[in-house]
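Structure record follows, encoded as structure tokens.
The values are calculated or read from the model by the stated rules, or taken from the named source; none is laboratory data. As the structure is a computational prediction, the values presented were derived from the model and not from experiment. A quick note on method: Cβ atoms are made from the backbone with ideal geometry, for glycine too, and the neighbour counts reach across all protein chains shown. Quick note on the areas: whole protein, heavy atoms, side chains included, nothing else; ligands and nucleic acids left out. Shrake-Rupley method; radii C 1.70, N 1.55, O 1.52, S 1.80 Å.
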Number of protein chains: 2
Amino acid sequence: MSELMIKPYSELSGEEAKAEYEAVEKKYQEIKAKGLKLDMSRGKPSKQQLDMVSDILTVLQKPEDCYDGKIDARNYGNLDGLPCCRAYWADVLGCKPEEVFAGGNSSLSLMYDIISKACTHGLLHSEKPWLKEEGLKFLCPSPGYDRHFAITQTFGLELVTIDMTENGPDMDQVEEAVKDPKVKGIWCVPKYSNPTGIIYSEETIKRIASLKPAAPDFTVMWDNAYSIHEFDGDYIPFPDILGIARECGNPDMFYEFASTSKMTLPGAGISCFACSVDNMNYLKSLITVQSISYDKTNQLRHVKYLKDKENSLALMKKHAAIMSPKFHAVLDALDSEIKPRGLGSWTVPKGGYFISFDCPDGLAKRTWNLCKEAGVVMTTAGATFPYGKDPRDRTLRIAHSLPPVEELKEAIQVFCVCLRLAALEKMVK
Amino acid sequence: MSELMIKPYSELSGEEAKAEYEAVEKKYQEIKAKGLKLDMSRGKPSKQQLDMVSDILTVLQKPEDCYDGKIDARNYGNLDGLPCCRAYWADVLGCKPEEVFAGGNSSLSLMYDIISKACTHGLLHSEKPWLKEEGLKFLCPSPGYDRHFAITQTFGLELVTIDMTENGPDMDQVEEAVKDPKVKGIWCVPKYSNPTGIIYSEETIKRIASLKPAAPDFTVMWDNAYSIHEFDGDYIPFPDILGIARECGNPDMFYEFASTSKMTLPGAGISCFACSVDNMNYLKSLITVQSISYDKTNQLRHVKYLKDKENSLALMKKHAAIMSPKFHAVLDALDSEIKPRGLGSWTVPKGGYFISFDCPDGLAKRTWNLCKEAGVVMTTAGATFPYGKDPRDRTLRIAHSLPPVEELKEAIQVFCVCLRLAALEKMVK
């Protein structure tokens, strides 16, 4: 069928739909017969990106390389991390070094640990540990990040869906929800939100920082995972949330997170959280029981390799050069295969790791299953909603970072065929 | 005073004691005037030991170095660690690779996490999360490791002191204690116990593995921190506790821990826990929410550097060559300064990181304080007992690993003077 002849599916006659169904079903069987094995399920950097940063492996070679001032990075100690590492993160995030706790290879673990400690010990302004309260809730702007939601779910908090807009969480809903003292916090990915890729607007950020929640220990989990992760165009400055929170009279409400997982090596990077000094002192009094120190040698390796924000931005341009063609390969396919058929809408972010795709209601799960059967693994349909349940069964997360561009092109073609087939099945059956 | 003239303090006449007090007090003031700054507080390896393992820094240099079979150690994934790393630990500990979870730089964190999850979720055989029960208790063989005790304390468990013998925990006390269903577990350092340096006897190990606790989820925290850490003489084989536990009908009762903190770099090593496969599957279902994976690149670095148990034992001989002279410097000083004066007794271990010193009752805190004022920091008196309270105020932990041997000799001389002064103060005042 030539481009010119493509009609929106909604305009197909019964017969046209049947013919199209048969053609697409045939195509699908041909694809299936190929026995593909393609992975678009997770925001994993590609081998090309990992190879690019190999110099980080040999930054530290001799004992004398292993010092930050007088601190021997190799030995025990310095719970909150190397001073040079705290300074690095402060530079990247725009906060103060004393507001930074430099951690290990996983910011997710730091998030888990903070929610875990809220549950077992309570946070700075908690009246009691969360596990001693009943019926607690946590706000989950959706579509969002499944691993975030899973953390609050595993501790028994009820997940409350908040709609995502192109400017961030629907703040009318949030402001209403926080009047309930059982609502203990909210998950946020403020820049290149996972998966929609939107950036929270200045107004949204102000409204979050100005919330007057009923819970004294209301907690904003501010996962700034993609703070310098543009893949299209120049770095877009993003404000220091801790400074804004101070100005808005909520100095202790935010816990910000970041990592180098998508800058250096995903499994062997460094992470941090940033918060007010009062929060920091309180948390350190708990974390000191858990750990003597995180891996400071790896912290030093990273600081010597990444140097500062400016140098890190230059590195991110190199990642962008790898990511951007993949991103455009997906967009091109969606533009030519899906748009003229009217089978969905999608976000066009400038950074982050995902494209969020909305099909017509009720088609996401079926499309995901068809993809799976054809050997293309995507993030599970529904995963971006609390409890894995997408109320409209329409959102799919496209993670285009891992496969080489040729494989990706093949995978996205499979996706397009599967979506068309899922739509046609409904029309002809 | 020459060696020949040294009398036990208990045999000093009033006048002799007064003269001795004045002499020792003068000596103490001379020492104080030097403004020393010596640290014998923690089991920190020395710079010489860290420098010795510098080759580990450059084991991985190129992308192709970073694979364990087909697994790219640099990327996300493999929650339970690299297969080669699980196999390494199985070799060292004598268990099976599938019983090993390979972790990050801190076995302490793994211990904390398991107790934390017991509290928030419960363990495999728990009827409910520990935090949903009241009045829970944990057995603490003492003197023991303060960081262990702190973990169970921070979660609100009552710490129950069990006496340490030269064969391990007093098993009569333990067997009696576990009849109480509120008693949820016990801390153990089975080889070169921290701080006494004793090795649990075969009989003790059997009795622990054969316990019939009232609590279905009774948990033995088996911290095998010094499993291959001889500093005097050859490696002493130590049995696989998981196999013994299976034979004794308690397959799920043990969680074993180990790390390379005192083999490679204390702050940048790798750790593991080992447990039954059933426990492993249960724990992994919880840990998957906390982490995508630990630092597999560092796991691979370690496996390539340490290779296997045999090669690791050869490395430990080199550590022993550094540790042993320090250990003997302490023993020599105690033998010449303390023994003839009858001012205490101490353990003479063949491995581990500590010497446990018992002064006459009531002198530990005062001795510690005198040391501190003279610039010698020791592990806080009482720290090796639950809540930091040594009922007889007599035990001090000597950590001789960190200072260079000349500094150590000076520090231990200061310690001897302080102990003598503390004893004499009691006699003359």
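Here is a check on your reading of the model: is A:LYS317 open to solvent by less than 10 Å² (accessible area, probe 1.4 Å), basic (Lys, Arg) and part of a helix (DSSP H, G or I)? Against the criterion (open to solvent by less than 10 Å² (accessible area, probe 1.4 Å), basic (Lys, Arg) and part of a helix (DSSP H, G or I)), A:LYS317 does not qualify. Here the condition is being within 11 Å of another protein chain (Cβ to nearest Cβ), touching a residue at least 12 places away in the same chain (Cβ under 8 Å) and of a type in the set (D, E, K, R); of A:ASP72, A:ASP80, A:ASP55, it holds for A:ASP55 alone. Within segment A:14-29, the presence of a residue that is within 14 Å of chain B (Cβ to nearest Cβ), more than 28 Å from A:PRO195 (Cβ to Cβ) and modelled with pLDDT of 95 or more is excluded.
For segment B:10-40, residues that are hydrophobic (A, V, I, L, M, F, W, C), outside any helix (DSSP H, G or I) and closer than 27 Å to B:SER401 by Cα total 3. For segment A:144-165, the set of residues classified as in contact (Cβ under 8 Å) with a residue 60 or more places away in the chain and within 14 Å of the chain's Cα centre (by Cα) consists of A:GLY144, A:TYR145, A:ASP146, A:HIS148, A:PHE149, listed by residue number.
Scanning segment B:249-259 turns up no residue that is of a type in the set (Asp, Glu), open to solvent by less than 20 Å² (accessible area, probe 1.4 Å) and over 22 Å from B:LYS350 (Cα atoms). Taken over segment B:402-416, the criterion of being open to solvent by less than 10 Å² (accessible area, probe 1.4 Å) and among the aliphatic types (A, V, I, L, M) is satisfied by B:LEU408, B:ALA411, B:ILE412, B:VAL414. Of all residues in segment B:54-82, those satisfying the criterion of being β-branched (Val, Ile, Thr) and either buried (at least 21 other Cβ atoms within 10 Å of the Cβ) or not in a loop (DSSP other than H, G, I, E, B) (or both) are B:ILE56, B:THR58, B:ILE71. Going by what's in this entry, would A:GLY43 be described as in contact with a strand residue (DSSP E or B) (Cβ under 7 Å, 6 or more places away or on another chain), within 13 Å of chain B (Cβ to nearest Cβ), not in a helix (DSSP H, G or I) and not aliphatic (A, V, I, L, M)? Yes; evaluated as a whole, the condition is true for this residue. Can you tell me how many residues in segment A:83-113 are open to solvent by 20 Å² or more (accessible area, probe 1.4 Å), touching a helix residue (DSSP H, G or I) at 6+ places or on another chain (Cβ under 6 Å) and more than 15 Å from A:LEU283 (Cβ to Cβ)? The total comes to 5. Look at segment B:287-303: where a residue is at the interface with chain A (Cβ under 7 Å from one of its Cβ atoms) and a partner is open to solvent by 10 Å² or more (accessible area, probe 1.4 Å) and of a type in the set (Ser, Thr, Tyr), sitting 6+ places away or on another chain with Cβ atoms under 7 Å, you get B:VAL289/A:THR154; B:GLN290/A:SER109; B:SER291/A:SER106; B:SER291/A:SER109; B:ILE292/A:SER106; B:ILE292/B:TYR76; B:SER293/B:TYR76. Among the residues of segment A:90-127, those identified as within 14 Å of chain B (Cβ to nearest Cβ) and outside any helix (DSSP H, G or I) are A:ALA102, A:GLY103, A:GLY104, A:ASN105, A:SER106, A:HIS121, A:GLY122.
Among residues of segment A:272-286 being outside any loop (DSSP other than H, G, I, E, B), open to solvent by less than 40 Å² (accessible area, probe 1.4 Å) and touching a Phe, Trp or Tyr at 6+ places or on another chain (Cβ under 8 Å), the one that is farthest from the other protein chains (Cβ to nearest Cβ) is A:ALA274. Applying the criterion of at least 3 residues that are under 25 Å from B:TYR353 (Cβ atoms) and open to solvent by less than 40 Å² (accessible area, probe 1.4 Å) to the helices (runs of 4 or more DSSP H) found wholly in segment B:128-210 leaves B:146-154, B:202-209.
Which of the following residues is open to solvent by less than 30 Å² (accessible area, probe 1.4 Å) and without any contact (Cβ under 8 Å) to a residue 24 or more places away in the chain: B:ALA399, B:ALA381, B:ALA422?
B:ALA381
In segment A:212-230, the residue that is farthest from the chain's Cα centre (by Cα) out of those that are of a type in the set (Gly, Ala, Ser) and under 19 Å from A:GLY144 (Cα atoms) is A:SER227.
Among the residues of segment A:290-310, those that are part of a helix (DSSP H, G or I) and surrounded by fewer than 21 Cβ atoms within 10 Å (Cβ to Cβ) comprise A:LYS304, A:TYR305, A:LYS309, A:GLU310. What single numbered condition from (1) modelled with pLDDT of 95 or more; (2) open to solvent by 10 Å² or more (accessible area, probe 1.4 Å) fails to hold for B:THR347? In the conditions (1) modelled with pLDDT of 95 or more; (2) open to solvent by 10 Å² or more (accessible area, probe 1.4 Å), B:THR347 misses (1) alone.
What about A:ILE186, is it modelled with pLDDT of 95 or more and away from every other protein chain (no Cβ under 14 Å)?
So A:ILE186 fits the description; yes.
When B:ASP232 is tested against (1) within 22 Å of B:GLY351 (Cβ to Cβ); (2) open to solvent by less than 10 Å² (accessible area, probe 1.4 Å); (3) part of a loop (DSSP other than H, G, I, E, B), exactly one condition is not met: (2).
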